[in-house]
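The structure appears below as structure tokens.
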Amino acid sequence: WSGPGCLHDIIDFSTGLDKSLVDNNRLIILQPAKLTDAQLQECTSSLRQVFQFIRDAKDKAKIRTLINTDKKFRAMPYQAVQVLEQVTHTNIKLPKNYKKEEPVDMCQAIAEMIADGRQEADKRADAAEQRADAAEQRADAAEQRADAAVSELKQVVRSLASNGHSTVSGIAKMLGKTEAQIIEWIS
């Protein structure tokens with residue numbers, strides 16, 4: 001920690017505030033991410049589980065091991081769960097009939113979060129599949145319209161050539177093709 005070490009280091013006294021009116025309390029900075037297992041063992045309340053969860057939050061394997069081996073995660077106080085939600089930016093799933101005075105089974109809450117995540121992923125995959133199917137149908141319809149237009153154009157060219165309205169060489173010249181290309185195309 002390289003920041004302020006006491007209250008006086010934080011306050012701007014240049015505004016005229018009298019320093020003698022403000023107690024110069026020492027700041028105690030807790031950095032859960034840097035706590036060792038030995039330091040965590042010194043915590044005797046649910047703060048141990050909170051700090052350990054915060055410390056290991058980015059490592060799925062450690063969190064899985066933690067919640068499956070530490071029995072205190074089966075009955076966490078609601079306030080501890082609120083701290084975890086705020087610090088880790090996680091929406092912890094609680095049962096619908098949950099009462100705040102009851103302990104929270106974090107194993108169950110996380111299992112439900114995982115199940116919700118899977119359901120959401122399935123919904124998104126289904127929606128993506130439906131969009132892909134719709135795009136494929138639009139592409140097929142466009143291809144059919146293009147084939148119909150080409151077929152109609154060939155019929156018009158055949159009709160012009162056979163009715164004497166225009167010669168194959170005249171049609172070839174109009175389309176920028178050779179006579180052989182036109183004959184092959186309308187055959």
>> Using only alpha-carbon positions, what ratio does the radius of gyration of the stretch 20-104 give when scaled by 2.2 N^0.38 Å?
In response: 1.28
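May I ask for the longest run of the chain untouched by chymotrypsin sites (Phe, Trp or Tyr not before Pro) that are loop-located per DSSP and have at most 16 neighbouring C-beta atoms (other than their own) within 10 Å? Display every interim value, and only then the final one.
Values: sites that count: TRP1, TYR98.
The segment 2-97 is the longest one with no such site.
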> Placing +1 at every Lys and Arg Cβ and -1 at every Asp and Glu Cβ, with all other atoms neutral, what dipole size does the chain have around its Cα centre, in debye to the nearest 20?
Replying inline: 200 debye
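Based on the mean of other beta carbon atoms within 10 Å per residue, what is the order of 126-134, 82-90, most packed first? Let's see the in-between values first.
Working: 126-134: 10.0, 82-90: 14.2.
Answer by packing, highest mean first, reads 82-90, 126-134.
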> Where does the stretch 104-187 land on Rg(C-alpha)/(2.2 N^0.38 Å)?
Replying inline: 2.38
>> Need one number: nm distance between label points at GLN86 and GLU152, each 7 Å from Cα along Cα→Cβ, rounded to one decimal.
In response: 6.8 nm
> For the chain, what relative contact order do you get, as a whole percent, if you take Cα pairs closer than 8 Å and at least 6 residues apart?
Replying inline: 11 percent
>> Could you tell me the calculated FRET efficiency between LEU7 and LEU47, based on Cβ-Cβ distance and R0 = 25 angstrom, to the nearest 0.05?
In response: 0.60
> Hey, could you pull the Cα Rg and Dmax for the stretch 33-173, both in Å?
Replying inline: 32.8, 102
>> Run the numbers for LYS58 and ARG124: contour at 0.36 nm per residue of separation, minus the present Cα-Cα distance, in nm.
In response: 21.3 nm
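Relative contact order for the stretch 1-90 using alpha-carbon pairs under 8 Å, separation at least 6, rounded to a whole percent?
Values: 59 pairs, mean separation 19.8, N = 90.
Here the relative contact order equals 22 percent.
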> Percent of accessible area on the chain owned by carbon and sulfur, 1.4 Å probe?
Replying inline: 52 percent
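The values are calculated or read from the model by the stated rules, or taken from the named source; none is laboratory data. Computed from a predicted model, the values in this text were never measured in an experiment. Glycine gets a Cβ as well: all are built from the backbone with ideal geometry, and neighbour counts include every protein chain shown. When the accessible area is computed, the model is the full protein with side chains, heavy atoms only, and any ligands, DNA or RNA have been set aside. Shrake-Rupley method; radii C 1.70, N 1.55, O 1.52, S 1.80 Å.
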